[in-house]
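What follows is a set of notes on a single structure, which appears directly below.
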Amino acid sequence: MARAAAAEQLRLADVVQSWLGRPVLVIGDAMLDEWRFADSDRLCREAPAPVLTLRRRISAAGGAANTAVNIATLGGRSVLVAPVGADAAGDELHDCLDRAGVWDRTVSQAGRPTPVKRRMLAGDQILLREDSGDPDDPLSDVGVDCLLTALDCASEELRAASGGEAPALVVCDYGLGALPAPVRAWLVEHRDRYATVALDAHDLADWRGLAPTVVTPSFAEATRLLARAGMVGPATNPATPADQAVAATPSAGDGTSTGGRELHLEHPEVDPADGPSEMTVGTAPGEAGMRRTDGPTGEPTPGESRVAMTRDGLSVTGTGVTVNAEVGAGVDRAVLAESRLAELRAHTGAAVVAVTLDTEGAVVGGIDGEPARSHSTPVPASHAVGAGDAYLAAMTLALAADAPLSTAAQLAQLAATSTVAGTGTCVCRREDLLAALGRPTPDGRQVLVDTGYLTEIVAEHRRAGRSIVFTNGCFDVLHRGHVRYLEQARALGDLLVVAVNSDGSVRRLKGADRPVNPIEDRTALLAALACVDHVVVFEEDSPATLIEAVRPDVYVKGGDYPPELVPEAPLVQRLGGQVRTLGYVPDRSTSAIIDRIRAYGQDGVTGAEAGPTGPAPEVETSGAAGTTGADAPPLTGKAP
């Protein structure tokens, strides 16, 4: 049994490995999630309300932007096309995308604010949420044209960067106005440009004709679609109470049922364009009929993730669904969802339907095979924000990698579940997913390698269409600036190779008293960083020989000078790569740290008397002979 479980985990981990570098275009409603953490230990005198003291604030990508972030962190090549306001929230959203390595192809929309969800918390409890950004403010004609142009260009850019491979497409339509009719029509018309299409939409009826590979409605969205379709399934003769509860009775079309105490699905008289309708399961509602449930556009209806007894104690309501307690005894949402998978596929044109059930997991079904049931663990609401985005991202990548449906369902649920450990917007990293599978290095990956083995590794990744990022330096005293720099470098491609100067090379470049830490310690620390894929040591003063061997797609240098001034630029460009320079983290430098340590050792000199660390950069890079890296003044003339 244990051996079978280990084999299954290995198989799943192989799928995660196989989707590295998969091209995915995300389009839809992007927003900014803002989290404000406060303390409260008393009530105010004016009202029974807590007095809050703000302690910290963080921001994260939300909506379609968070889906794009999850695709990138899971190892895909992610591009986002979405309208974003020309405002401070838009600037923060751009930063979030950049940090995650998402190709930002968003379109600035002057006068149309970036949607923001601001949550105020005390402890783990969300006390209030403030939403800004008007979803009723439509895109201008110019804005729509710009969005279509960006969509077309991003599709071709992604295909070209992936060696001609057709990208996957993820559509995130949360009713906030990013996907007007012309954009939907364009996507339907150009469906054949995308190999795999995933659709997550509050109103699935708006996407008839897209023929998605997979749709991922919540239980509320699924019932809403069925109610709006006004369709019931064929009558059957169920043998058990559970079967009876999910059997369908043909409707007379006038709001009445033509037969017994079975499932009755009724179409509302008024199409609820701005809010979900209800589907009733159990005895036909008679005169009560369907009632309209108003809710904010782009948001679930209050209580749609909960199930509670009605006051009469005879039925259970929730998610726009009423289950008659007598007829539907023993029937849960998973059973109801499973009974409707075929109808949902018919209405959406999707090959796969995954009905998500929040804390109860999901039910997934395709054209062939038995439905797959996955389970989740209940967590506080503040821990689950964005878990659906992680689910969608992993499901898309798995299907794009031609994984079986049952495997895709398992990985999607695992991605969503492994992100809910703490408060904040959920993001699943590839490393997190592999760790959850108990396979942190499923291919036996060796981080510290020699030049010969490195060239073999690079060739294998290049054959798979993955891009190679290369940087080099002494990395003598590893500090925060180094880590930030390496994280940014890793976000520029699929594989980060860090070349480190040997001890002899460092002495020639920086003097007899360097390095402070020997090569064994420096490489061990670099290899422990999650953002670093491989570490290699070179003896020369210049990494030119290594660059020729690796032929990086992107060569990264630390500094705020133009890429053309990087000494290695001509070589990299001749080999077909590009050069990128990354800005420094202020007040972080190895030389300053060493000077400060030495100052502490001087009699009568304190850290404060030793003077400020200065504005020097933090990244040590060694270039052609004669350059001394980040500990020496950069080309702009800044002091070390």
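The values are calculated or read from the model by the stated rules, or taken from the named source; none is laboratory data. The model shown is predicted, which means the values in this text are computed figures rather than measured ones. No Cβ is skipped: glycine too gets one built from the backbone with ideal geometry, and neighbour counts run over all protein chains shown. Only protein heavy atoms, including side chains, enter the accessible area calculation; ligands, DNA and RNA are left aside. Shrake-Rupley method; radii C 1.70, N 1.55, O 1.52, S 1.80 Å.
The table below gives the values:
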read-out: In Hz, Karplus ³J(HN,Hα) per residue of the range 116-131 (6.51, -1.76, 1.60; θ = phi - 60°; x = Gly, Pro); value: 10, 10, 9, 10, 10, 10, 10, x, 9, 8, 6, 8, 7, 9, 10, 9
read-out: Selected from PRO515, CYS531, VAL500, residue furthest toward positive end of dipole (the range 492-534; charges at beta carbon); value: PRO515
read-out: Heavy-atom accessible area ranking, 1.4 Å probe, most first, across GLU157, GLU548; value: GLU548, GLU157
read-out: Listed residue (VAL427, GLY386, SER374) projecting farthest to the positive dipole end of the range 374-505, Cβ model; value: GLY386
read-out: Size of electric dipole in the range 28-72: Cβ of Lys, Arg +1 and of Asp, Glu -1, about Cα centre, debye, nearest 20; value: 220
read-out: MET120, MET31, reordered so the largest accessible area comes first (probe 1.4 Å); value: MET120, MET31
read-out: Long-range amide H partners of GLN578 with built H, under 5 Å; value: VAL554, TYR555
read-out: Rounded, prolate or oblate (a/c below 1.5 giving rounded, otherwise prolate when a/b exceeds b/c) for the range 127-173 by Cα gyration tensor; value: oblate
read-out: HIS461 accessible area, assembled protein chains, probe 1.4 Å, Å²; value: 30
read-out: Accessible-area value, GLU568, 1.4 Å probe, nucleic acids and ligands omitted, Å²; value: 10
read-out: Principal semi-axes in Å for the range 432-591 [√(5λ), Cα gyration tensor, largest first]; value: 23, 20, 16
read-out: Amide hydrogen neighbours beyond the local backbone of GLN109, cut-off 5 Å, H modeled; value: VAL84, GLY85, ALA86
read-out: Cα centre as origin, Lys/Arg/Asp/Glu Cβ charges: the range 1-124 dipole, Debye; value: 180
read-out: P(r), alpha carbons of the range 332-404 - 5 Å bins starting at zero, rounded %; value: 3, 15, 24, 24, 21, 9, 4, 0
read-out: Area projected by the alpha carbon convex hull of the range 400-521, averaged over all directions, nm²; value: 10.3
read-out: Solvent-accessible surface (1.4 angstrom probe) belonging to ARG57, in square angstrom, nearest 10; value: 100
read-out: Rounded percent of accessible protein surface that carbon and sulfur make up, the range 28-167, 1.4 Å probe; value: 49
read-out: Within the range 99-233, percent of DSSP bridges classed antiparallel, to nearest 5; value: 50
